[in-house]
Structures are given as C-alpha cells and as structure tokens.
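The values are calculated or read from the model by the stated rules, or taken from the named source; none is laboratory data. Worth saying up front: this structure is predicted, and the values here are computed from it rather than measured. Heads up, the Cβs are rebuilt from the backbone with ideal geometry, glycines too, and the neighbour counts pull from every protein chain shown.
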Amino acid sequence: MDTSNTVDWQSMPVEDFLKGEYLHRSDVVLVGGGGSLFSKAIRWFTKSLFSHAALVFLIPHRDSGFEHTFLIESITSGVDITNLEHYAVELQKDKYIAVLRLEQEWFDSDVQKMVRGRMLNYIKASYDFLTIGSIASYIFKKATFGVKARMSGYIPQLQKELRKGKKLPNEFICSGFVQYGFYSGIKFLVDKQALEPNCLSQVLFRDDLLANAEELNLVSVTPQDLAASPKLAWKYVIKAGKVYTVSSEAQGKQLLGIKE
C-alpha cells in the first residue's frame, strides 16, 4: 500500500499519538487488515474495508492514574473493554485503523457519556445477539452465516436470522453494536426532553434507518456503513506504526492505497 507517489503525508509515531490529546471519548474506531481467515471473511461477506468496529471508551487521564486509551467493543466473548494499543501497536504489522468522529455541537461530554453508558450495560450480559454457544458451534455458525450473507445480501440475511431469534456471531455485529449505542443513548435523552428529536436522525449511520430504526435494523449496520456515513468525520488513519491526519473517506482510502 505505497502512497509515496501521491501525497506527501505528514505522520507521527503511534506511541506519541496515543500519549497526546488527539482522540475523543466516543470516537468510532474501525479496524481492517489482518491475515486471519475470519477477518478476511468478514470483509468479504460485508463488502467492507474493515472487519471490526469499536468505540473509544476512555482516553489517557494521568491525574486519575491511567495512561491508556480503552475501547468498548463486541467480541467473541461478549462486550468487553480493550486497550487500543492491542490493535494500533501490538498488531500494527497486520492491521490498519480509521478513527471517525461525530461532530455535532450538542454531542458534548455528557451526551457522549450516555452513549458509552448504554453500551456498558451489556458488559458480560446475556443479551441474545451478544452471546454465543460452544466454540465448535460458534465457528460453524460464523461460516454458515457468512456464506448465506454473501449469497442473499448481508442485511437481509442478518434480519432473517434475528427474526428467527437466532444468536449471531459477535464479529458480524460489532459495528451494529456501535450504531445501537449511539441511537439508544440519544433516544434516551430525547425521550427525557434533554435533546431535540432531530438529534436522532444525526446518529443513524445508514440512510434506510431513518424510516425504520428497529433493533434488528440497527445491529445490521456494517463497518463499511460507518466508514461511508457522511455523519461521521474521518480524523485519522493508523497503519504500520504511523498516524496520519485525514479529512474524508476518500483521503483515507488514498492513504491506504485503495482505489475508488
């Protein structure tokens, strides 16, 4: 992914980036790349550059005693908190990352806290679409669901499975969990009349959700839906231990060497 002949990109070491005040709480983190079978399969099944999505949960606050950035995410074992360094530093040879941000004046620290709080409710919870069975059945389920999704369309297949009450592979719905957190948190504040109703439409990251924001539609949001949404601003791309400032999906793709 050589971009040296296109743009003179300015960069900083990822370690310096993680120590600085660049990330905001509730930034969306998209993770792509990786050579594992499932990472490749998820990108193929969902026609996405990315195979995983998470939300920035905590940023460094040295006065409070911690110096790391933590993500809240839906993974194999359920909803959990993960150090961003796992993706950005430990896996930097294989992974690339995009950081996106909701830039609305009303999306202040108190509102951001509500979004994170709604997601935090599902830590280790036995919520249907966030739990799995045995490892063997889980692996089989991922494979069969992915093939069906590729054949009949990701969103229709996911909705079909949900309507039947089936439990879905967490990796396929990590981005849906991010969408669910935004919508659930903002809807709670709208219902309490703490925010204007039109704020809800500003956190629906796929156009068809404007007409039908039911849970099964929310969790069908893919990493690519988040990446392509005009409601989320691209801020940074992280690859090979370097961090680059970007201002659009097109710039992010160009930096990653991905042709339109």
Next item on the list: Report, by residue number, each residue of segment 112-142 that is at pLDDT 50 or above, over 14 Å from ASP27 (Cβ atoms) and of a type in the set (Val, Ile, Thr).
Entry: ILE123
Check: So, in segment 188-209, of the ones that are charged (D, E, K, R) and assigned to a helix (DSSP H, G or I), which residue ends up nearest to LEU100 (Cα to Cα)?
Finding: ASP207
Note to self: Just to be sure before I move on: is LYS167 modelled with pLDDT under 90, of a type in the set (D, E, K, R), within 27 Å of PHE57 (Cβ to Cβ) and out of contact with any Cys (no Cβ under 6 Å at 6 or more places or on another chain) in the structure I sent?
What the structure shows: yes
Notebook entry, point to check: Of all residues in segment 215-238, which are in a helix (DSSP H, G or I) and either buried (at least 17 other Cβ atoms within 10 Å of the Cβ) or of a type in the set (Gly, Ala, Ser) (or both)?
Noted result: ASN217, LEU218, PRO223, GLN224, ASP225, LEU226, ALA227, ALA228
Margin query: Which of the numbered conditions does GLY33 fail, given that it passes all the others? Conditions: (1) at pLDDT 85 or above; (2) touching a strand residue (DSSP E or B) at 6+ places or on another chain (Cβ under 6 Å).
Written below: (1)
Note to self: Pairs needed: first member in segment 10-31, closer than 22 Å to VAL203 by Cβ; second member anywhere, crowded, with 16+ Cβ neighbours inside 10 Å and of a type in the set (Ser, Thr, Tyr); C-beta distance under 6 Å; at least 6 residues apart or different chains.
What the structure shows: LEU23/THR69; VAL31/TYR87
Notebook entry, point to check: What pairs can you find where one residue is in segment 217-243 and at positive phi and of a type outside the set (Ser, Thr, Tyr), the other is buried (at least 23 other Cβ atoms within 10 Å of the Cβ) and part of a helix (DSSP H, G or I), and their Cβ atoms are less than 6 Å apart, with a gap of 6+ or different chains?
Noted result: none
Next item on the list: Any chance you could count how many residues in segment 63-87 are at pLDDT below 75 and either farther than 14 Å from TYR122 by Cβ or out of contact with any helix residue (DSSP H, G or I) (no Cβ under 7 Å at 6 or more places or on another chain) (or both)?
Entry: 6
Notebook entry, point to check: (1) part of a loop (DSSP other than H, G, I, E, B); (2) under 30 Å from GLY33 (Cβ atoms): which one isn't true of ASN212, the others all being true?
Noted result: (2)
Check: Which of the residues belonging to segment 87-110 are within 15 Å of the chain's Cα centre (by Cα) and either aromatic (Phe, Trp, Tyr) or not in a loop (DSSP other than H, G, I, E, B) (or both)?
Finding: TYR87, ALA88, LYS95, TYR96, ILE97, ALA98, VAL99, LEU100, ARG101
Checklist line | Identity of the residue in segment 42-62, assigned to a helix (DSSP H, G or I) and surrounded by fewer than 19 Cβ atoms within 10 Å (Cβ to Cβ), that ends up modelled with the highest pLDDT | finding: TRP44
Check: Can you pull out the residues in segment 171-227 that are polar (S, T, N, Q) and within 19 Å of the chain's Cα centre (by Cα)?
Finding: SER175, GLN179, SER184, SER201, GLN202, ASN217, SER220, THR222, GLN224
